[in-house]
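All remarks here apply to the structure that follows.
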Amino acid sequence: MLKEFFQRRSLRKDASAEPTGLLPLKAVRSAVAFIDVEDPSFDAAKNALLAFFRENSIKADIFFFDFRRLGKDERLITSINTTVLRKDLNWFGRPSREKVNLMLSGEPDLFISLLPENSFPLEYMACCSRARFKIGRKQLPGNILDLVALDPPGAAVSQAAAFPAIVGLLEKIQ
């Protein structure tokens with residue numbers, strides 16, 4: 001209960017006032033994307049995102065959510081700068097100011113979440129983002145996302161498999 005109170009308060013306090021809506025792909029100059037490292041297809045999803053951004057001349061940053069507990073012999077497989085780790089979250093789940101500022105510094109026009117499930121860190125990042133067009137796979141509380149590419153009912157779709165559906169939707173927006 002207390003945790004939820006602080007989550008709601010931080011969302012209200014830090015929410016972007018930037019109006020959002022559908023944006024044609026040709027109007028997108030910069031983007032930020034979020035991938036879950038625990039999905040086995042995260043590397044393929046990362047490569048697909050990079051190829052898409054390169055083809056469309058979009059400057060992009062890709063952030064990774066990695067909340068696993070790493071053993072002594074395990075190493076982080078993504079950049080420490082763009083990876084939100086468990087230790088980067090405060091007691092009620094808000095990402096560190098450093099990670100949020102890094103996301104905001106790119107001034108993205110487009111926000112893409114390939115994460116199949118909602119979490120408070122993702123909700124916070126989406127809410128704080130000043131992107132003019134926000135896309136995800138599951139609507140966040142408060143209808144933060146402008147476009148949602150839902151998975152088929154009962155199907156577990158990987159991030160790499162979900163991204164082409166999002167691209168298809170993006171290409172249809174004129």
remark   = Regression test value, accessible area per residue of the chain, probe 1.4 Å, units Å², expected 54 Å²
query = Ranked highest first by the average count of other Cβ atoms within 10 Å around their residues, in what order do 150-157, 49-56, 115-122, 31-38 fall?
reply = 31-38, 115-122, 49-56, 150-157
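Tell me, in nm to one decimal, what length is gained between E74 and E38 on full extension, where the rule is 0.36 nm per residue of separation less the Cα-Cα distance? Provide the component values of the computation, followed by the final result.
Values: separation 36, 0.36 × 36 = 12.96 nm, distance 1.38 nm.
Going from the current span to full extension adds 11.6 nm.
Quick one: of the DSSP bridges fully inside the range 9-113, what percent are antiparallel, nearest 5?
Values: 1 of 15 bridges.
So the antiparallel bridges in the range 9-113 amount to around 5 percent.
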request  = Grab the Cα-Cα distance for R54 and L25, subtract it from 0.36 nm times how many residues apart they are, and report the gain in nm with one decimal.
outcome  = 9.2 nm
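Mind ranking 84-96, 125-137 by how tightly packed they are, going by the mean number of other C-beta atoms within 10 angstrom, highest first? Can you show the working numbers first?
On the way: 84-96: 16.2, 125-137: 22.2.
The most tightly packed comes first, giving 125-137, 84-96.
Using the Cα gyration tensor of the range 114-172, with a ≥ b ≥ c the square roots of its eigenvalues, what is the shape: rounded (a/c below 1.5), prolate (a/b larger than b/c) or oblate (neither)? Please report the intermediate quantities before stating the final value.
Numbers: a/c = 2.05, a/b = 1.30, b/c = 1.58.
Oblate, because a/c is 1.5 or more while a/b does not exceed b/c.
Rounded if a/c is under 1.5, else prolate if a/b is larger than b/c, else oblate: which is the range 38-174, with a ≥ b ≥ c the root eigenvalues of its Cα gyration tensor? Walk me through the numbers on the way to the answer.
Numbers: a/c = 1.40, a/b = 1.28, b/c = 1.09.
Rounded, because the longest to shortest axis ratio a/c is under 1.5.
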ask   = Local charge sum around E107 (other residues, Cβ-Cβ under 13 Å, Lys/Arg +1, Asp/Glu -1)?
value = +1
Relative packing of peptides 70-78, 16-24 - highest average C-beta neighbours within 10 Å first = 16-24, 70-78
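Which value in deg cm²/dmol, rounded to the nearest 500, describes the helix-derived mean residue ellipticity at 222 nm for the chain, given -39,500 (n - 2.57) per DSSP H run of n ≥ 4 and division by the residue count?
Mean residue ellipticity, 222 nm, calculated: -10500 deg cm²/dmol.
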task = Using a 1.4 Å probe over the heavy atoms of the protein chains, calculate the carbon and sulfur portion of the accessible area of the range 96-174 as a whole percent.
result = 55 percent
key: Proximal lysines relative to K134, as straight alpha-carbon distance under 28 Å, when same-chain residues fewer than 8 apart are discounted   = K3, K13, K26, K46, K59, K87, K99, K172
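Going by a ≥ b ≥ c, the root eigenvalues of the Cα gyration tensor, does the range 1-113 fall in the rounded group (a/c under 1.5), the prolate group (a/b larger than b/c) or the oblate group?
Working: a/c = 2.31, a/b = 1.12, b/c = 2.06.
Oblate, because a/c is 1.5 or more while a/b does not exceed b/c.
The values are calculated or read from the model by the stated rules, or taken from the named source; none is laboratory data. As the structure is a prediction and not an experimental result, all values here were calculated from the model. Cβ atoms come from the backbone with ideal geometry, glycine included; neighbour counts cover every protein chain shown. Accessible surface is based on the protein model in full, side chains and every heavy atom, while ligands, DNA and RNA are left aside. Shrake-Rupley method; radii C 1.70, N 1.55, O 1.52, S 1.80 Å.
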